[in-house]
Every structure is written in structure tokens, then in C-alpha cells.
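Visitor: The structure's right below; bear with me while I get my questions together.
The values are calculated or read from the model by the stated rules, or taken from the named source; none is laboratory data. Just so you know, these numbers come straight off a predicted model, no measurement behind them. So basically every Cβ, Gly included, is an ideal-geometry build from the backbone, and we count neighbours across all protein chains shown.
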Number of protein chains: 2
Amino acid sequence: MASLENDRFLRALLREPVDRTPLWMMRQAGRYLPEYREIRAEAGSFMNLCTNPELACEVTLQPLRRYAMDAAILFSDILTVPDALGLGLYFSEGEGPRFERPISTAAEINALDPARAASELGYVMDAVSLIRKELKGSIPLIGFAGSPWTLATYMVEGGSSKDFAKVKSLAFNEPELMHQLLSKLATSVAAYLSEQIRSGAQAVQIFDTWGGALSHNAYREFSLRYMTEIIEQLPREADGRKVPVIVFTKGGGQWLEAIADCGADAVGLDWTTDIGAARERVGDRVCLQGNMDPTLLNASPERIRDEVAQILTSFGEGSGHVFNLGHGITPGINPDHVAAMVDAVVELSPDYH
Amino acid sequence: MASLENDRFLRALLREPVDRTPLWMMRQAGRYLPEYREIRAEAGSFMNLCTNPELACEVTLQPLRRYAMDAAILFSDILTVPDALGLGLYFSEGEGPRFERPISTAAEINALDPARAASELGYVMDAVSLIRKELKGSIPLIGFAGSPWTLATYMVEGGSSKDFAKVKSLAFNEPELMHQLLSKLATSVAAYLSEQIRSGAQAVQIFDTWGGALSHNAYREFSLRYMTEIIEQLPREADGRKVPVIVFTKGGGQWLEAIADCGADAVGLDWTTDIGAARERVGDRVCLQGNMDPTLLNASPERIRDEVAQILTSFGEGSGHVFNLGHGITPGINPDHVAAMVDAVVELSPDYH
């Protein structure tokens, strides 16, 4: 069993006692940091950064040099999985991620080979191993993947979407075909996350960015069900420690009770949910992660500190809270404002433990 | 008191007995109808259509010739109010609505004159009077406006936004200035809706399209509070009948209890909320409106019918439900699929009354 200097993140995920509320930040390695933009410019493209383990490792470590984060998160993208499945991921300026070969027909879905997800993504596993080594036992490393539903939205729409008309039409008109696609993606993601755990990830998060676009019934049928299947397949122990799983459905605040039953150790909240009310709803079944509005990082350091205090107070005393934003940090944020958030969590949260 | 041939919409909003569940559809006059596209092409621009009472009346009536809708809704746009306040509304292809003169400074907010909203929008009142006359007492006419928060997002961002960074920064960093803006907008919207009621609108809906982008606390402070203020100022009777008010916050499903206390007679639901669970939460305080996922209109007529049945069953027996989509219909929908939805409500809903 490898020892960790700081394990409060892993302990809080399992609702074990901690000295203060641990924190990390979704997209903590990213464009808001000038040192990231420098490496990104040298790499030439976002994909060059993802596929080069040394560069991916370097940007993963960058925010840790500035802030007292309690976890590192692998630098990668959720769409590396469909890319490995052969869809041809590229990034077009201003339009976000796109696929050269989106899918929609039975033939295209039949042709997908889930085994490719793990076999083609050796560069991610190399990055995980390298980051883990470079962390030198200081803090744990989080691995991650997109949820099957979220991956399917990009794969069928060909990129980002406003109303998800194509992928929802597939789900409504050809539910069996949609389930076939989601089932293959669940197999792919389970294999991919398992490999990340074997390579050194000490916790994993499933990002369900677009589950909240579904109706209450469709969410259970097309998104939650497949996250549950993935969690059942993951190795849940590594280095003699439990490997906690976090599920984050943006816009899933109405469905917390159901999400809390999916087998995950922790549920991520966006900022539309009162974390204290959420805690009452899920009881001691899961840890809660979140949930400051990322746009609040545009506010003054004093206002940021007030918001951190409000979230800590709302959650209340005891373990089972990982502080985070309610979604990823955006590119234009001043790094000093992130410091204000981090300092507030470090200084204010011991009173709750 | 002018008599109405079909008043089940107004009765359901007040939870009075009805023979079947009434329905209308957000954006029922719109681009999915070929006859709308023809008039829109002749008009030359969307704003020409809005500002010409005869054309606005004609497109308002178009869906009523095809479908058994239980209410007409004024054809207009929520952004006519900020346009009347001097911001210069225009529509750019592919980018949606934009303002020539967005606002952000104290001087710009100070300069806004709420009295202009009612005085500059005579063309809307002319349309309301004309539509009301042409409806000949068949079904009621709904007037509408955007919520102060929703209008403010467009006015400060200059158009649509992904993360609302500018308007939220204003709210977080200069809350007093933000409240000044929202207060002026509440005055404008209250005057505008009051004038619509005096011109013939028999119910009104406040569209809070972007309230759901706020945190639970910020929603109460920056959106719900001002809708409550508006409702307090509206004339609540016309032609000897109560004029019901509907509030629709897209993404507001977590806050239903608070919304149900804002003074509105009915609360609109998007498709992420189970309408049966919502009914349990709000009890008999308000009518519920909604809530089929608009993308379901891409599905087969059989699948649409199943979904209608599911929503009717979830709401259950008794009055207090107005069937609608959970958001506006999108341009690409086949009009025959709308007919399938309407027929299903007309045929299946009597069993619940």
C-alpha cells in the first residue's frame, strides 16, 4: 500500500473524518493559467497536448504548484474514447469539439468495437503512470471519463448541440439501437476507467455533462442506467485502498435520490442545488461534491470568500463534502481569484470538522 | 362580461373543473408552420412581423386553424421591451437576437426610462386588440413578457450567452446596480403586461428563460423576487373574469415550492420535472403547465401519443393541468407530429376529468 501525504480527498469521498474540507476544481489545469497557455501554444493543438504523456503530466501538475489542491486530475478530454472508437475527433476554433465521422445508423453502431477504447488509449495510461510517479505520494490522482449518454450526444450530433434533436430522435424512434450504442459505450468506458485505475488513478469521476438535457424518465433509461453498469464493472480497490467513484450529472439536481443509488461513493452537484438541502435528501448514502457557480470567480475576492463560507455553512458539520465548482472553470478567470477560493476553503473549513 | 365559447384553459389555470385537459404550445405560431414561413418571408424580417399588428394577428391565428388549441398566444418577442427602452434589437442570422447598445454601467442603467416600455409598444397593444377581435370569443388570448432577470441577461450580454459571465459579474460585484436595473425592468414589465391586459389579454405568462442559470440563492434574489413584484402590480380582473398569471422558469424544477408562492396562478414546468411529483410538492396552491420534451415531436406519432399518455397519467385526475411542451417548439418539426400530440390530449385527457 503506497502511503499518501495528504489523503483527505479520498477520506472525505468515503465520509471518513478529515481535518478540513478537501478541494479540487473541475478543469483546474486549463486556459485560465498563463503557464498552461504557454505549453498549449508550444504543443500546437489541444490533441497534441492530450496525446503527449510528458506534456499532459506537466499541465496536470501546474495548478498544484499554485494552489493547495487536495487532488490532481488527469489532463485529458472525455472525447478521447469516441476518438479511439474511430470517429475522428478534432477541435474547430469557436465551435468546440467535432467528429469527422459522426454515427447514426445501425451499421455504424454495429461497427463500433468497444475493445478499442482501452487498446488505443495507451497514451492516457502513460500519462496516468507518469503523473502518479511525479506526484510522489503527495496527493491522489483522479481519473475520469464521460458518461455513455454524454459521449453519445457528441457522437450522434457530430459535436456540441443546443437541443440534442438528432441523438434524442435516435433514442425516441430507435430505442433498441440507442441502447446498443450506450451499452457499447458503457463497456468501453468501464474498460477505459479500469485501465486508468490499474495505471495509478486513485479515484475516478464520470462526467455526465448532458444528462440534464433529458426528461426525468429518459435520464434513468438512457444515462443513469449505464453509469450504474460501469460502476459495477470497476475494480474498487488499488494499493490496498478503496478507489472511490464520483458521478456528476450537470442539471441532475432533481434526481439526486436516484443518482445516490447508482453505486457511486460521491455525487457532484452543480450550483443550482442547495448543498444543505441535497445532504438532507441523500442522507449518509454518499459524499457530495461541489458546488460554487464558476462565474462567481469573476467576483471580488471578498465576495468569493462569502460564497465559500455560505456553501460550507449550508453543508454543515462533518465529513462527506469535497469542495469544488459546480462546473469547470472558464478560460477568462483571474488566477488570483482561484487563490481566494482555495484560501477560503483552507481557512474556513476546519471549523466544520 | 364577454362570454367565451371555450374557457377550459382559464378554468384549468384556476383549478376549476374542466371536461378535458386544455392545451396550447409555446411558440405555437412559428417556423415549423409553412404558412408562417410564407408570411415571414413577405414581411422581410422578424421585427417587421412583430411591429405590424395585422401580420402579428395573422400568424397568431395560423396554428388555431390547424389544431384544437385552447388558447391563442400573442405573436411577439420578449425582447421588444428592452428594444423600447432604447437598446436597438436586431436579429443576426445564426446568432439569434442582439442589441446594438448593450448596457453595463451605472450611467447606462440610470438612463433607462421604464415608462417607455408601455408608451413605445403601442404596436403590441394594437396586435392584442386586433387578435382579441378576430378570435371572436372562441378561445382566450395569452399575453406575455420576459422576466426582468431574463431581459437583463440579454441587455448586459448583448445577446445570447453560454455562461452569463457579464451579467452575473454585474450581479455579484455590483448587486445594488443590478437591483436597480431589475427594479426598472420589473416596473417596465408590469406596465407592459398591465397594458396588454387592458387591451384584451385574458391571461399572461412571464417567461423566465434564464432563471435556471442562477444558483438557488441567486435565483430568489435576482429573478423570483422581481416576478413576484410584477404580479403584485397587475390588474387581476378583466371583463368580469380573473386574469390568471403563469410563471415559467426553465430549469426551475428544484425551486417549485418557492415559485408556487410568488403569487402566480400557474407554474410552467420544463421536461426535466416529473409533473406528478411536482403536483405532490406544490399541492393545490397552483395549476401546473407542461411538460413534454419538445424534441419528442421528432418521434413517431405513436411514440408522441405514449408520451402524452404518460404525462396525463403522471399528473393524474382532476383539474389544474394545462398541457404544453416544456419549452418552445423548434423550427424543424413536422406539423403532423404536432397534430398527433394535440389529438392525443383531446382524446385521452377526458378520462382524467
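Visitor: Which residues, taken from segment A:130-186, are within 14 Å of chain B (Cβ to nearest Cβ) and not in a helix (DSSP H, G or I)?
Guide: A:SER160, A:SER161, A:LYS162, A:ASP163, A:PHE164, A:GLU174
Visitor: Quickly run through segment A:302-315 and pick out the residues that are closer than 21 Å to A:GLY252 by Cβ and within 11 Å of chain B (Cβ to nearest Cβ).
Guide: At the first step, the residues of segment A:302-315 found to be closer than 21 Å to A:GLY252 by Cβ are A:311, A:314-315.
Of everything in segment A:302-315, those that are closer than 21 Å to A:GLY252 by Cβ and within 11 Å of chain B (Cβ to nearest Cβ) turn out to be A:ILE311, A:SER314.
Visitor: Just one of B:ILE246, B:ILE231 is in contact with a helix residue (DSSP H, G or I) (Cβ under 9 Å, 6 or more places away or on another chain), touching a residue at least 40 places away in the same chain (Cβ under 8 Å) and of a type in the set (A, V, I, L, M, F, W, C); which is it?
Guide: Working: B:ILE231 fails: touching a residue at least 40 places away in the same chain (Cβ under 8 Å).
Answer to the check: B:ILE246.
Visitor: Quick check, is A:ARG220 over 16 Å from the mean Cα position of the chain (by Cα) and within 14 Å of chain B (Cβ to nearest Cβ)? Please lay out each step first, then the result.
Guide: Details: over 16 Å from the mean Cα position of the chain (by Cα): yes; within 14 Å of chain B (Cβ to nearest Cβ): yes.
So A:ARG220 passes the test.
Visitor: Of all residues in segment A:283-299, how many are within 14 Å of chain B (Cβ to nearest Cβ) and either in a helix (DSSP H, G or I) or more than 14 Å from A:THR21 (Cβ to Cβ) (or both)?
Guide: Of the residues in that region, 7 qualify.
Visitor: Still on this structure: Here are B:GLU302, B:GLU317, B:GLU229: which of them is part of a helix (DSSP H, G or I) and more than 19 Å from the chain's Cα centre (by Cα)? Spell out how you get there, then give the answer.
Guide: Details: B:GLU317 fails: part of a helix (DSSP H, G or I); B:GLU229 fails: more than 19 Å from the chain's Cα centre (by Cα).
After applying the criteria, what remains is B:GLU302.
Listed here are the residues, each with its yes/no results for (1) surrounded by fewer than 19 Cβ atoms within 10 Å (Cβ to Cβ); (2) under 15 Å from A:LEU85 (Cα atoms).
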site: A:ALA111; (1), (2): yes, yes
site: A:SER119; (1), (2): yes, yes
site: A:ARG132; (1), (2): no, no
site: A:GLY137; (1), (2): yes, no
site: A:PRO140; (1), (2): no, no
site: A:ALA145; (1), (2): no, yes
site: A:ALA152; (1), (2): no, yes
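Visitor: State whether the residues of segment B:209-216 include one that is within 20 Å of B:PHE144 (Cβ to Cβ), surrounded by fewer than 24 Cβ atoms within 10 Å (Cβ to Cβ) and under 14 Å from the mean Cα position of the chain (by Cα).
Guide: Taking every residue of segment B:209-216 in turn, at least one turns out to be within 20 Å of B:PHE144 (Cβ to Cβ), surrounded by fewer than 24 Cβ atoms within 10 Å (Cβ to Cβ) and under 14 Å from the mean Cα position of the chain (by Cα).
Visitor: Now for a different question. Checking the condition of a type in the set (Gly, Ala, Ser), over 11 Å from A:SER147 (Cα atoms) and within 14 Å of chain B (Cβ to nearest Cβ), which residue from A:GLY200, A:GLY253 passes?
Guide: Values: A:GLY200 fails: within 14 Å of chain B (Cβ to nearest Cβ).
Just one listed residue meets the conditions, A:GLY253.
Here is a yes/no grid of residues against (1) touching a residue at least 12 places away in the same chain (Cβ under 8 Å); (2) under 25 Å from A:THR295 (Cα atoms):
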| site | (1), (2) |
| --- | --- |
| A:GLU16 | yes, no |
| A:ARG27 | yes, yes |
| A:ALA41 | no, no |
| A:PRO53 | yes, no |
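Visitor: Any chance you could count how many residues in segment B:205-226 are part of a helix (DSSP H, G or I) and under 23 Å from B:TRP271 (Cβ atoms)? Reasoning before the result, please.
Guide: Step one: list which residues in segment B:205-226 are part of a helix (DSSP H, G or I), which gives B:211-213, B:216-226.
Now drop any that are not under 23 Å from B:TRP271 (Cβ atoms), which leaves B:211-213, B:216, B:219, B:223-224.
Residues that pass the stated criteria total 7.
Visitor: What pairs come up if the first residue lies in segment B:282-305 and is closer than 19 Å to B:ARG27 by Cα, the second is modelled with pLDDT of 95 or more and among the basic types (Lys, Arg), and their beta carbons are under 7 Å apart, counting only those six or more places apart or on different chains?
Guide: Hits for this filter: B:LEU288/B:ARG279; B:THR295/A:LYS168; B:ASN298/A:LYS168.
Visitor: Another question about this same structure. Being within 14 Å of chain A (Cβ to nearest Cβ) and surrounded by fewer than 23 Cβ atoms within 10 Å (Cβ to Cβ) is the filter here, so list the residues in segment B:240-250 that pass it.
Guide: Start the filter on segment B:240-250 by keeping residues that are within 14 Å of chain A (Cβ to nearest Cβ), which leaves B:249-250.
The answer is B:LYS250, and nothing else.
Visitor: Looking at B:GLY318, B:GLY326 in this structure, which one is facing another protein chain (nearest Cβ under 10 Å) and of a type outside the set (A, V, I, L, M)?
Guide: B:GLY326
Visitor: Among the residues of segment B:265-272, is there at least one that is buried (at least 24 other Cβ atoms within 10 Å of the Cβ), in contact with a Ser or Thr (Cβ under 7 Å, 6 or more places away or on another chain), at pLDDT 95 or above and under 30 Å from B:SER138 (Cβ atoms)?
Guide: yes
Visitor: Turning to a different aspect of this structure: What is the number of the single condition among (1) surrounded by fewer than 15 Cβ atoms within 10 Å (Cβ to Cβ); (2) not in a helix (DSSP H, G or I) that A:ASP77 does not meet?
Guide: (1)
Visitor: Of the conditions (1) more than 30 Å from B:TYR352 (Cα to Cα); (2) surrounded by 17 or more Cβ atoms within 10 Å (Cβ to Cβ), B:ARG31 fails just one. Which one is it?
Guide: All conditions pass for B:ARG31, except number (2).
Visitor: Might you check whether a residue that is aliphatic (A, V, I, L, M), closer than 30 Å to B:ALA12 by Cα and under 18 Å from the mean Cα position of the chain (by Cα) occurs anywhere in segment B:147-170? Break it down into steps so the answer makes sense when it comes.
Guide: Looking only at segment B:147-170, we keep the residues that are aliphatic (A, V, I, L, M), and these are B:151-152, B:155-156, B:165, B:167, B:170.
Filter once more, so that each one left must be closer than 30 Å to B:ALA12 by Cα: B:151.
So of that shortlist, the ones also under 18 Å from the mean Cα position of the chain (by Cα) come out as B:151.
Yes, segment B:147-170 contains a residue that is aliphatic (A, V, I, L, M), closer than 30 Å to B:ALA12 by Cα and under 18 Å from the mean Cα position of the chain (by Cα).
Visitor: Return yes or no: is B:ILE329 in a loop (DSSP other than H, G, I, E, B), over 20 Å from B:LEU10 (Cβ atoms) and touching a residue at least 40 places away in the same chain (Cβ under 8 Å)?
Guide: Details: in a loop (DSSP other than H, G, I, E, B): yes; over 20 Å from B:LEU10 (Cβ atoms): yes; touching a residue at least 40 places away in the same chain (Cβ under 8 Å): yes.
Answer is yes for this residue.
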